[in-house]
Amino acid sequence: MKKIIVSGLSIMMILISFSSCQAVKNTNNKQRGAAVGAAGGAAVGGIIGNNVGKGGNTALGAIIGAVVGGVAGGYIGDKMDRQAERIEEEIPGAEVTRVGEGINVTFNEGAGVYFDTNKSDVKGTSATTLDRMVGILKEYPDTNILVEGHTDSAGPDDYNLNLSKQRAQSVTNYLRGNGISIGRLTTAWYGETQPKADNSTSEGKAKNRRVELVIVANEALQQEALSKTKQ
């Protein structure tokens, strides 16, 4: 498991830098429109994320956007450590990254969730992987989940954007259909605009055809953390 430590001061500086109107101006029309759902902190963080990290990392932005900070943030971080460990135990193929007070889980063709060419339905091994993910999300109910869809660069931009939307929504619908409250879920899609690997190789393209989950504390867990750390 990768673990990235982001200090409270660093997060505050990033938020100040990118929460201005300029941060929104720096997003394109597709990025501004590509988010739906109820997890407000994750959706707002996604806008900030277009301006944070290499290539515009909206997953990192979502985690930063939901930060509490201080001792309470450490309390949340401890809970996220345990949840991340559970994900690694149950889904060994997943790429799990602990960042600050949140978790970023990446599923690509080699990590348990994949889609047939030009398809967006969840089936087979992908369903088995997501069933395990559902079980863990139910163990830790005080979290919000951002589901992001990404594609490789093959094909027209608009086609890829729509395909990433369909795949992200397919995963969201699967989670919802298996008992995860819609109130915990936000869905976003970015087409080919956020590659993680080189699109000039088949291996790189396979890594870019992915769905990412961002897991952050919901309001109940944030309030619990603030209450517990005051004692």
Rough spin-label spacing in nm, given labels placed 7 Å along Cα→Cβ, for Y159 and E219 = 4.3 nm
So how far, in whole Å, is the C-alpha centre of the stretch 194-210 from the one of the stretch 82-159?
-> 16 Å
The stretch 90-221 - charge dipole about Cα centre, Lys and Arg +1 at Cβ, Asp and Glu -1, debye rounded to 20 = 240 debye
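Test of understanding: what is the full-extension gain from E109 to L226, defined as 0.36 nm times their sequence separation minus their Cα-Cα distance? Write out the running numbers ahead of the final one.
Numbers: separation 117, 0.36 × 117 = 42.12 nm, distance 3.93 nm.
Additional length available on full extension: 38.2 nm.
With the cut-off at 24 Å, tell me which of the pairs K138/K207; K165/K196; K123/K207; K79/K123; K79/K165 have Cα atoms farther apart than that. Present the calculation step by step, with values, prior to reporting the outcome.
Working: K138/K207 28 Å; K165/K196 18 Å; K123/K207 19 Å; K79/K123 31 Å; K79/K165 30 Å.
Going by Cα-Cα distance, K138/K207; K79/K123; K79/K165 fall outside the 24 Å limit.
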What residues of the stretch 92-132 lie in the reach of a label at S202, counting those whose backbone N is under 16 Å from a point 7 Å from the Cα along Cα→Cβ?
-> 109-110, 117
Put a dot 7 Å past each Cα toward the Cβ at T125 and Q166; how far apart are the dots in nm?
-> 2.2 nm
FRET E, pair N118, E139, Förster distance 41 Å, beta-carbon r, rounded to 0.05 | 0.75
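Rule-based calculations on the coordinates, nothing more; no lab input. From a predicted model like this one, the values you see are computed outputs, not experimental measurements. Note: ideal-geometry Cβ built from the backbone for every residue, glycine included; neighbour counts use all protein chains shown.
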